[in-house]
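First the structure, in the form of structure tokens, and then the observations on it.
The values are calculated or read from the model by the stated rules, or taken from the named source; none is laboratory data. These numbers were taken from a predicted model, which means no experiment stands behind them. Cβ coordinates were reconstructed from backbone atoms using ideal geometry, including for glycine residues, and neighbour counts include every protein chain displayed. Heads up: the accessible areas ignore ligands, DNA and RNA and are worked out on the full protein's heavy atoms, side chains in. Shrake-Rupley method; radii C 1.70, N 1.55, O 1.52, S 1.80 Å.
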Amino acid sequence: MNWSWTFFFEYLTNGFMFRGAWTTVWLSVISMTIGLGLGVVAAMMKMYGNAAVRYIAEFYIWLFRGTPVLIQLIIIYTGLPQLGIRLNVIESAILGLALNEGAYLAEIIRAGIMSVDKGQNDAARSVGMTWRERMYLVILPQATRTIIPPLGNQFNGMLKTTSLASVISMEELMRNAQMLAQINFRVLEVYSVAALWYLLLVSIWGLIQQRIEAHYEKPFGPAAAISPEAAKELKKAMQKAGATKV
Amino acid sequence: MTIDAPPPAARAATSRPAKALGAPIVLIENVQKAFGDNHVLRDVSMTIRQGEVVVICGRSGSGKSTLLRCIDQLETIDGGTIRAAGHLMGFREKNGKRVALRDAEIARQQRDLGMVFQNFNLFPHVSVIENIMMAPVRILKRPRAEVKAEARELLARVGLPEKENAYPRQLSGGQQQRVAIARALAMKPQVMLFDEPTSALDPEMISEVLDVMVDLSHQGMTMIVVTHEMGFARAAADRVVLMHGGEIVEEAPPEQFFTNPRSEHTKLFLSKILSH
Ligand SMILES: Nc1ncnc2c1ncn2[C@@H]1O[C@H](COP(=O)(O)OP(=O)(O)OP(=O)(O)O)[C@@H](O)[C@H]1O
Ligand SMILES: [Mg+2]
């Protein structure tokens, strides 16, 4: 067997790997945030725009959902300079990831908005809200509840999709692992550590996602009927009851 | 409108039928509305005076909801004129010509009319008190503390003072509808429109909503109420209107409407509604 714990632990505590993981985090957050903005705009254009505006949104969604992110990234970083558009690595990575994400989020957001009862719009209008006020105060907050779970899954995906930016030499977790692998040829150890980092990031996100979902469910879910303390007590009691039964 | 209860003298003075009505506040003239080739409103005209309570009834599909929605600009009309609370609803007059208003201008007009829906349509993502406060605070930009005090008064007035922090889904249908009335009143509308406010309620909850509405009428609110609750019509209406096929076919004070209707449609309608 040729597994080296020494290298494994060396990579596990390696500052270079840590910096790569940190880059993965901020690259994901920034790309997701911009993607969310693009998604909201594209969804609005598709739902409320005139024919031309709708067509533009549909074309964008079709194009970016229909092609691999890898190609999108390579075209932006290595292809666009041919047309005189030069973006650096970070700009290219963010732009590519955000554009791709926005196309997926547009559909999720559109579905979320459509899930809000039509009567809500009537009610909001009847108290005199303008389109912006209705969107901002009534429709989007309710759509958020539907949007949050798939949005969380998209972010989970984003954390891992950023690894594709390694092909345009974005120094995130994957790229840094590749570089370390080329120094010592400890391929299994270094990629195992990289995989662990991804697992850690995704798991932490999972916990955050749970909290966010609970927050948005609060007005709707049955848990809102009782206080959080009471809910905890009830859960304990139910666990006890379950335990004594077996 | 103030949200204070009127002095006892005013209350006593509202004993029916002698009720002093004010100037016309809703003027509906030759209103037309079609969905595709389905002509839902054909030439509807009606005048409602300040403080008047008009009950509209008629069988399903006769255009009752559409009429209310047109008055409140939830639908745009295809012809005719609607004036309400001093606004030419949905339009602006410019050199004798009509220009359709933009969304924000329509919203400004809508603030002066209140609407209560069959399905309550409370905002489920915020608490009861926030439902009531949202429009005055976020749209009229009035101070929160002042609006909150008024919202509490309104909640007391609809009999739900203890529910301010509940979420809508924690309330019964009757309670939700009463909150919906409070939400509409929070904008201090000059006219209240009710579209079958009790049809979605369990029978035992109907009266708690109707009581609030009767109270409102005693306080001088101008109300247009689509309902099949003939008890309410008898107790509170100054006029009962029957719609049929997108037209008004009968328009009379309640006693005449119920005992001596002129239209065959009304006779048929009454025989159906009174038989069950
Ligand atoms: N948004 C719409 N699009 C198309 N048709 C509509 C729309 N709203 C109403 N209609 C049609 O207009 C007609 C009148 O509807 P409306 O809701 O005004 O009737 P109503 O008198 O309120 O009936 P109900 O007692 O069932 O509530 C019906 O034929 C209905 O199908
Ligand atoms: Mg109706």
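Numbers at a glance
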{"quantity": "Loss of accessible area when B meets A, both sides summed, Å² nearest 100, probe 1.4 Å", "calculated": "2300"}
{"quantity": "Cβ-Cβ FRET estimate between B:GLU93 and A:SER115, R0 fixed at 56 Å, reported to 0.05", "calculated": "0.90"}
{"quantity": "Accessible surface, chain B, averaged per residue in Å² (probe 1.4 Å)", "calculated": "43"}
{"quantity": "Exceeding the 21 Å Cα-Cα cut-off - candidates A:LYS218/B:LYS163; B:LYS148/B:LYS188; B:LYS64/B:LYS267; B:LYS19/B:LYS272; B:LYS141/B:LYS188; B:LYS19/B:LYS267", "calculated": "B:LYS19/B:LYS272; B:LYS19/B:LYS267"}
{"quantity": "Accessible surface, per residue, of the stretch A:37-166 when the full set of protein chains is kept, probe 1.4 Å, Å²", "calculated": "46"}
{"quantity": "Carbon plus sulfur fraction of accessible area for chain A, probe 1.4 Å, in percent", "calculated": "66"}
{"quantity": "Point-to-point label distance, A:LEU207-A:ARG19, nm (Cα→Cβ direction, 7 Å offset)", "calculated": "2.7"}
{"quantity": "In nm, spacing of pseudo-spin labels at A:ILE75 and A:LEU63 (7 Å Cα→C-beta vector)", "calculated": "0.7"}
{"quantity": "Cα-based convex hull, the stretch B:128-276, per residue volume (Å³, whole number)", "calculated": "125"}
{"quantity": "Cα convex hull of the protein assembly as shown - mean projected area over all directions, nm²", "calculated": "37.0"}
{"quantity": "Pairwise Cα inverse-distance average, inverted: Kirkwood Rh of the stretch B:19-79 (Å)", "calculated": "12.5"}
{"quantity": "Kirkwood Rh and Cα Rg combined as Rg/Rh, chain A", "calculated": "1.08"}
{"quantity": "At least 20 Å² of accessible area lost relative to the chain alone, listed for the stretch B:78-120 with a 1.4 Å probe", "calculated": "B:ASP103, B:ALA107, B:GLN110, B:ARG111, B:PHE117"}
{"quantity": "In order through the stretch A:82-93: 3J(HN,Hα) via Karplus (6.51 cos²θ - 1.76 cosθ + 1.60), integer Hz, x for Gly, Pro", "calculated": "4, 9, x, 9, 10, 10, 6, 4, 5, 4, 5, 4"}
{"quantity": "B:SER172/A:ILE85 FRET efficiency (R0 45 Å; Cβ-Cβ; nearest 0.05)", "calculated": "0.15"}
{"quantity": "Average silhouette area of the stretch A:162-227, convex hull of alpha-carbon atoms, in square nanometres", "calculated": "6.3"}
{"quantity": "Estimated FRET transfer efficiency when R0 is 22 angstrom, pair B:ARG152-B:SER207 (beta carbons, to 0.05)", "calculated": "0.35"}
{"quantity": "Principal semi-axes in Å for chain B [√(5λ), Cα gyration tensor, largest first]", "calculated": "28, 24, 18"}
{"quantity": "Dipole-positive endmost among B:PRO254, A:VAL25, B:PRO189 within the protein assembly as shown (Cβ charges, Cα centre)", "calculated": "A:VAL25"}
{"quantity": "Computed over the stretch A:90-182, Cα set: Rg, Dmax in Å", "calculated": "19.0, 66"}
{"quantity": "Long-range HN-HN contacts of B:GLU247 with modeled amide H, under 5 Å", "calculated": "B:ARG42"}
{"quantity": "Delta accessible area of at least 50 Å² on complex formation, residues of the stretch B:122-166, 1.4 Å probe, chain isolated as reference", "calculated": "B:PHE123, B:PRO124, B:HIS125, B:ARG138, B:ILE139"}
{"quantity": "Inter-label distance, nm, simple model (7 Å from Cα along the C-beta direction), B:LEU21/B:ARG142", "calculated": "2.8"}
{"quantity": "Fraction of alpha-carbon pairs over 17 Å apart in the stretch A:1-108 - percent", "calculated": "64"}
